[in-house]
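J.: Encoded as structure tokens, here's the structure I'll be asking about.
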Amino acid sequence: MRAGIVPTCMWQSRLTRAQQTAAIIQEQSFADVPLRTCEMLNEGVPCRNIPERSDWQPRDYQTFQDSARIEAAFRKHIHRALPSSSSSSSAHEVDTEIIVCHANVIRYFVLRALQLAPEAWLRLGLRNCSLTVLEMLPNGRVSLRTLGSEGHLPAACLTDN
């Protein structure tokens, strides 16, 4: 996160690991930032993956249920920055939110935000507790600033599912 920027809100999924992580983040860095829960951020299968993997085949009903929920979460949480009331054409209101959720959801959000094929979500590797930063401007420009940064974690703590 850029220096001097304070998040307006922190979102967590309903799942235990995300809630534990969000509590640590809030306690250590953002005690005054409201923490909200959104069940739509729970882990799941965001869509079919292409190419399909022989070692993992989710059931069709699981993909059907999860994909609608995760797409709704994307539409709720990932959006353009609000235009600024400033006269500068490049100015934008900074609306920084922290989302504490799960790798499948993050991978899907990143690909959708960048207007890339979301079916490639399993091609992106993320470690548990890694940081991803997306920047969305009022003009519609989206930049992936960081994907899966793990430098804040000791090597012994690096895990993935």
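J.: Tell me whether segment 26-38 contains one or more residues that are exposed (fewer than 10 other Cβ atoms within 10 Å of the Cβ) and not in a loop (DSSP other than H, G, I, E, B). Show your work before the answer.
T.: First, pick out the residues of segment 26-38 that are exposed (fewer than 10 other Cβ atoms within 10 Å of the Cβ): 27-28, 31-32.
Checking which are not in a loop (DSSP other than H, G, I, E, B) leaves us with 27-28.
Yes, segment 26-38 contains a residue that is exposed (fewer than 10 other Cβ atoms within 10 Å of the Cβ) and not in a loop (DSSP other than H, G, I, E, B).
J.: Follow-up question, since we're still on this one. Consider segment 88-130. How many of its residues are over 14 Å from the mean Cα position of the chain (by Cα) and at pLDDT 90 or above?
T.: Here is the first cut: in segment 88-130, the ones over 14 Å from the mean Cα position of the chain (by Cα) are 88-95, 115-117, 119-120, 122-123.
Next, from what is left, pick out any that are at pLDDT 90 or above: 115-117, 119-120, 122-123.
Residues meeting the conditions: 7.
J.: When segment 92-134 is examined, which residues are found to be under 23 Å from Ile24 (Cβ atoms), basic (Lys, Arg) and surrounded by fewer than 21 Cβ atoms within 10 Å (Cβ to Cβ)?
T.: Listed by number, the list holds a single entry, Arg127.
J.: Within segment 135-161, which residues are surrounded by 10 or more Cβ atoms within 10 Å (Cβ to Cβ) and at positive phi?
T.: Within segment 135-161, Gly148 is the sole residue that qualifies.
J.: Would you confirm whether any residue within segment 131-142 is within 17 Å of Val45 (Cβ to Cβ) and either assigned to a strand (DSSP E or B) or more than 11 Å from the chain's Cα centre (by Cα) (or both)? Before the answer, list the steps.
T.: Initially, segment 131-142 is screened for residues within 17 Å of Val45 (Cβ to Cβ), giving none.
Checking segment 131-142: not a single residue is within 17 Å of Val45 (Cβ to Cβ) and either assigned to a strand (DSSP E or B) or more than 11 Å from the chain's Cα centre (by Cα) (or both).
The values are calculated or read from the model by the stated rules, or taken from the named source; none is laboratory data. None of these values were measured; they are calculated from a predicted model. Neighbour counts run over all protein chains shown; Cβ positions are idealised from the backbone, glycine included.
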